[in-house]
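Input: one structure, supplied below.
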Amino acid sequence: MSNVTWVVVAIIVVALVFDYINGFHDAANSIATVVSTRVLTPKQAVAWAAFFNFAAFIFFGTKVAETIASVAQPGTFNNAAIFAALIGAIVWDLITWWTGLPTSSSHALVGGLAGAAVAKVGWSALNFAEYQKIIVFIVIAPVMGFLLAFTFMTTVYWAFHRYRKVDKLNRGFRRGQLFSAAAFSLGHGGNDAQKTMGVILTVLIANGVLSQGAPVPLWVVLSAHIAIGLGTLFGGWRIVHTMGSKITKLQPVGGMAAESSAAIALGLATFGGVPVSTTHTISGAIVGVGTTQRLSAVRWGVAGRVMWAWLLTIPGAFVVAYVVYLPFKGLT
């Protein structure tokens, strides 16, 4: 095996490590609401989410992967730049995981790719049309989650406002939440695993293993979904606590509303090939649920910390990747 081949294998392993970290960082969002409403125990919830994170490859294509592979001009990325981008995303993920902030692994990767590309070539390396789409959806994704969840909850309150058997009603929504949690996990696996596929596709193209514009190989699809599924199994309990209880207190009806709304938003974005943040989407949906009760039901201080973390994610990962690239720029 040549040195170049070993380097390619090593970078693919680092990409799958990022996917695994994405699993225990972002996939916590898949289970936070279903755990906080006590529909499933934490162990049951992670197994449930992990299965559907893996199964997502059956339902979704690879449009998001192709978008990630085209965030920079053709020929921009070499092995050093891809390695630096992954390290930038991983470091930022670990910092925010340790502090319990539910930031976006997706945007950490996007920031890392941008930082590495600029460090190697300059600002002209970036495909600004693709970045514009990603940045626009930083706003659209949580707003869509918020509006869908608010509408869902308002409709439920209107439809059942005369229903006296609250416990029986909650039991119904508890069962429904199993399906909404599964749908959200499918959306998470479908969108987030594809980002790692996009990175691996970029590695293979940069090293001449595949030609520009080649489809994502099946082994790449399966390995990305396995990595994110395994990451989910090990969970991210610090973030579960923030998402499931600190932003607002959830009942089964609210959990189902938040998950269903986020699943719809993620599904639409994934089929459209837009890499969006599952974290932002479910956070917007949870806030939408909370505001149907009263504005004070949302802990705006916690929500504010989360928003600051969102704003800092892309520039933070950008800086880390830029710095990491410098000593490794001779890597081929």
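Taking the condition of being open to solvent by 10 Å² or more (accessible area, probe 1.4 Å), of a type in the set (Val, Ile, Thr) and farther than 23 Å from Gly284 by Cα, how many residues in the stretch 78-134 meet it?
5
Also, quick follow-up: So which of Val13, Val8 ends up being modelled with pLDDT of 80 or more, over 12 Å from Ala181 (Cα atoms) and surrounded by 15 or more Cβ atoms within 10 Å (Cβ to Cβ)?
It is Val8.
Also, I was wondering about something else. Restricting to the stretch 206-221, count the residues that are at pLDDT 90 or above and open to solvent by 60 Å² or more (accessible area, probe 1.4 Å).
Selection size over the stretch 206-221: 2.
Now a separate question. Using the structure shown, decide if Ala116 is modelled with pLDDT of 80 or more and in contact with a strand residue (DSSP E or B) (Cβ under 8 Å, 6 or more places away or on another chain).
Judged against the criteria, Ala116 is not a match.
Just to be sure before I move on: is Val319 β-branched (Val, Ile, Thr), modelled with pLDDT under 90 and either in a helix (DSSP H, G or I) or surrounded by 23 or more Cβ atoms within 10 Å (Cβ to Cβ) (or both) in the structure I sent?
No; evaluated as a whole, the condition is false for this residue.
Consider Val64 carefully, then state whether it is surrounded by 24 or more Cβ atoms within 10 Å (Cβ to Cβ), part of a helix (DSSP H, G or I) and at pLDDT below 85.
When the stated conditions are applied, Val64 does not pass them.
Matching residues to (1) open to solvent by less than 30 Å² (accessible area, probe 1.4 Å); (2) among the small types (Gly, Ala, Ser); (3) modelled with pLDDT of 85 or more:
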residue: Ser180; (1), (2), (3): yes, yes, yes
residue: Ala183; (1), (2), (3): no, yes, yes
residue: Leu204; (1), (2), (3): yes, no, yes
residue: Ser223; (1), (2), (3): yes, yes, yes
residue: Gly288; (1), (2), (3): yes, yes, yes
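Here's another thing I want to ask about it. Could you tell me which of the residues Gly290, Gly284, Gly254, Gly273 is part of a loop (DSSP other than H, G, I, E, B) and touching a residue at least 24 places away in the same chain (Cβ under 8 Å)?
Exactly one of Gly290, Gly284, Gly254, Gly273 is part of a loop (DSSP other than H, G, I, E, B) and touching a residue at least 24 places away in the same chain (Cβ under 8 Å), namely Gly273.
The values are calculated or read from the model by the stated rules, or taken from the named source; none is laboratory data. Keep in mind the model is a prediction, meaning the values are calculated, not measured. When we count neighbours, we look across all protein chains shown, and the Cβ atoms used for this are built from the backbone with ideal geometry, even at glycine. Just so you know, the surface numbers come from the protein's heavy atoms only, side chains and all, with ligands and any DNA or RNA stripped out. Shrake-Rupley method; radii C 1.70, N 1.55, O 1.52, S 1.80 Å.
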